[in-house]
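Before any comments, here is the structure.
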Amino acid sequence: MASLALDLLPEHYVEFSEQELDARIARAKAALGSRLVILGHHYQRDEVVKFADFRGDSLKLSQLAASRREAEFIVFCGVHFMAESADILSADHQVVILPDLNAGCSMADMANLEQVEVCWEELAGCTDARIVPITYINSTAAIKAFVGRNGGAVCTSSNARKVMEWALARGDKGLFLPDEHLGRNTAYRMGIPLEEMAVWDPQEERGGLREEEIRQARIFLWKGHCSVHQRFLPEHVARVRAKYPGVRVVVHPECKWEVCQLADEVGSTEYILKRVTEAPPGSQWAVGTEIHMIRRLAQEHADRLVVTLDDCVCLCSTMYRISPQHLCWTLESLVAGQVVNRVSVDPETKRWARVALDRMLEIT
Ligand code: 13P
Ligand code: SF4
């Protein structure tokens, strides 16, 4: 389990103006120099991500965390599971900090270790087939460790297909945690029909499945979802196409299967970024992902149309918790020799979670 000693933002930080905060962050960053690296996920707000030394999706940021050995402090502007992964992959001398420990992920919270262990035992009780577990990186370190101990691997939205192919080459069936939609979209694109997928609902007895369904399924999909991406609906695709004839619809694979089927392209955060960035001027894009990333793409590429697939403002409220005030406080504390909001995974969990993460990095 990660340490969860929650340090609270001192009150006076909320009184600083935007300019003061910018100046203070820049000063603290300069004072820490090469002792510090700031990693920023694409869903972070502009006021924060502008200070990131590296921006990326979860795959890119975990690769960076594994390779930037010279920095003593890794300040992760993202959510808790990302900072945990950075702690697991970084060297022992490195300290990982999440500026606000309340920046969690509702999807990661949808699978806890106890539920997954029950599922594993019940599946084993119904079938002799070899099941290989896969966990999306959006999961707790404890789930990653479970997967590592049981011969499986982590995946991200960038490499889910490669990891699922790897898993099915090693075993007869896969258990995909904790995002039902990423699992379904990935398996379907590999040619696995929907009838060979079974949703495991941890709230139901035996996952809500009959023994026969368990024997027949090739992929078990954990009933979890992202509250941001699940809000995009098929009618949003129809509406945006009617409003902007010729628009290309690109969505993140955490969106529902029905939405992904209607989209022109489905890809990870980094994929979406690349497609829009490399698109010709005048092209039109409707994007199904987190709103900060879409707004930034629109601002940085004013010569093309970049709109959200739906105007409902699909904001990840936990990503949003990382504020400039928290970043400023974290960095100034480090300058003063004090570590606040450290994310530290216990050694046993770390060992097995690392096995699952290393497998992913090898497969990728
Ligand atoms: P990426 O793997 O595309 O960075 O996505 C992470 C995430 O949390 C998406 O909701
Ligand atoms: Fe979690 Fe969804 Fe936010 Fe990603 S966008 S961090 S999956 S809640």
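Could you grab me the full set of residues in region 308-322 that are in contact with a helix residue (DSSP H, G or I) (Cβ under 7 Å, 6 or more places away or on another chain) and either surrounded by 15 or more Cβ atoms within 10 Å (Cβ to Cβ) or closer than 17 Å to R45 by Cα (or both)? Full working, then the answer.
Here is the first cut: in region 308-322, the residues in contact with a helix residue (DSSP H, G or I) (Cβ under 7 Å, 6 or more places away or on another chain) are 308-310, 312-315, 322.
Across region 308-322, the qualifying residues are T308, L309, D310, V313, C314, L315, I322.
Do we have R296 as within 21 Å of R55 (Cβ to Cβ), within 19 Å of the chain's Cα centre (by Cα) and open to solvent by 40 Å² or more (accessible area, probe 1.4 Å) here? Taking the combined requirement at face value, the residue does not satisfy it.
Among the residues of region 20-44, those that are small (G, A, S) and either surrounded by fewer than 16 Cβ atoms within 10 Å (Cβ to Cβ) or within 26 Å of the chain's Cα centre (by Cα) (or both) comprise A23, A26, A30, A31, G33, S34, G40.
Conditions tested, residue by residue: (1) modelled with pLDDT of 95 or more; (2) β-branched (V, I, T); (3) more than 16 Å from ligand 1 (Cβ to nearest atom).
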| site | (1), (2), (3) |
| --- | --- |
| V306 | yes, yes, yes |
| L309 | yes, no, no |
| R321 | yes, no, no |
| A336 | yes, no, yes |
| V340 | yes, yes, yes |
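Residues considered: G40, G78. Of these, the only one that is touching a Lys or Arg at 6+ places or on another chain (Cβ under 6 Å) and at pLDDT 95 or above is G40.
Here are R184, R210, R206: which of them is of a type in the set (K, R), modelled with pLDDT of 95 or more and touching a Phe, Trp or Tyr at 6+ places or on another chain (Cβ under 6 Å)? Show your work before the answer.
Values: R210 fails: touching a Phe, Trp or Tyr at 6+ places or on another chain (Cβ under 6 Å); R206 fails: touching a Phe, Trp or Tyr at 6+ places or on another chain (Cβ under 6 Å).
It is R184.
Among the strands (runs of 3 or more DSSP E) confined to region 92-158, the ones with at least 2 residues that are open to solvent by less than 20 Å² (accessible area, probe 1.4 Å) and β-branched (V, I, T) are located at 95-97, 131-136.
The residues of region 195-224 that are in contact (Cβ under 8 Å) with a residue 12 or more places away in the chain and among the hydrophobic types (A, V, I, L, M, F, W, C), listed by number, are M197, A198, V199, W200, I214, A217, I219, F220, L221, W222.
There is no residue in region 169-186 that is exposed (fewer than 15 other Cβ atoms within 10 Å of the Cβ), of a type in the set (A, V, I, L, M) and under 30 Å from P281 (Cβ atoms). Just one residue in the set F73, F54 is aromatic (F, W, Y) and over 17 Å from the mean Cα position of the chain (by Cα); that residue is F73.
Quick one: is E47 among the charged types (D, E, K, R), open to solvent by 70 Å² or more (accessible area, probe 1.4 Å) and in a helix (DSSP H, G or I)?
Working: among the charged types (D, E, K, R): yes; open to solvent by 70 Å² or more (accessible area, probe 1.4 Å): no; in a helix (DSSP H, G or I): yes.
So E47 does not fit the description; no.
Considering region 333-343, the residues that are touching a helix residue (DSSP H, G or I) at 6+ places or on another chain (Cβ under 8 Å) and surrounded by fewer than 19 Cβ atoms within 10 Å (Cβ to Cβ) include one that is farthest from K144 (Cα to Cα), namely V335.
Residue-wise test of (1) part of a helix (DSSP H, G or I); (2) away from ligand 2 (no atom under 16 Å from the Cβ).
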{"position": "I272", "(1), (2)": "yes, no"}
{"position": "P280", "(1), (2)": "no, yes"}
{"position": "I294", "(1), (2)": "yes, no"}
{"position": "D303", "(1), (2)": "no, yes"}
{"position": "S317", "(1), (2)": "no, no"}
{"position": "L327", "(1), (2)": "yes, yes"}
{"position": "L334", "(1), (2)": "yes, yes"}
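Within the bounds of region 226-243, is there any residue that is open to solvent by less than 10 Å² (accessible area, probe 1.4 Å), touching a Phe, Trp or Tyr at 6+ places or on another chain (Cβ under 8 Å) and either under 30 Å from L113 (Cα atoms) or not charged (D, E, K, R) (or both)? The answer is no; no qualifying residue exists.
Candidates are the residues of region 81-95 that are away from ligand 1 (no atom under 13 Å from the Cβ) and of a type outside the set (D, E, K, R); the one that is nearest to L315 (Cα to Cα) is A86.
Does A52 fit the bill of being open to solvent by less than 10 Å² (accessible area, probe 1.4 Å) and either within 15 Å of ligand 2 (Cβ to nearest atom) or in a loop (DSSP other than H, G, I, E, B) (or both)? Walk me through it before giving the result.
Values: open to solvent by less than 10 Å² (accessible area, probe 1.4 Å): no; either within 15 Å of ligand 2 (Cβ to nearest atom) or in a loop (DSSP other than H, G, I, E, B) (or both): yes.
For A52, the condition - open to solvent by less than 10 Å² (accessible area, probe 1.4 Å) and either within 15 Å of ligand 2 (Cβ to nearest atom) or in a loop (DSSP other than H, G, I, E, B) (or both) - is not met.
Looking across region 58-80 at every residue that is within 16 Å of ligand 1 (Cβ to nearest atom) and open to solvent by 10 Å² or more (accessible area, probe 1.4 Å), the one that is farthest from I363 (Cα to Cα) is identified as H80.
The values are calculated or read from the model by the stated rules, or taken from the named source; none is laboratory data. This is a predicted model, so every value here is computed, not measured. With ideal geometry, Cβ positions are generated from the backbone for all residues, glycine too; neighbour counts draw on all protein chains shown. The accessibility values were calculated without ligands, DNA or RNA, using every heavy atom of the protein model including side chains. Shrake-Rupley method; radii C 1.70, N 1.55, O 1.52, S 1.80 Å.
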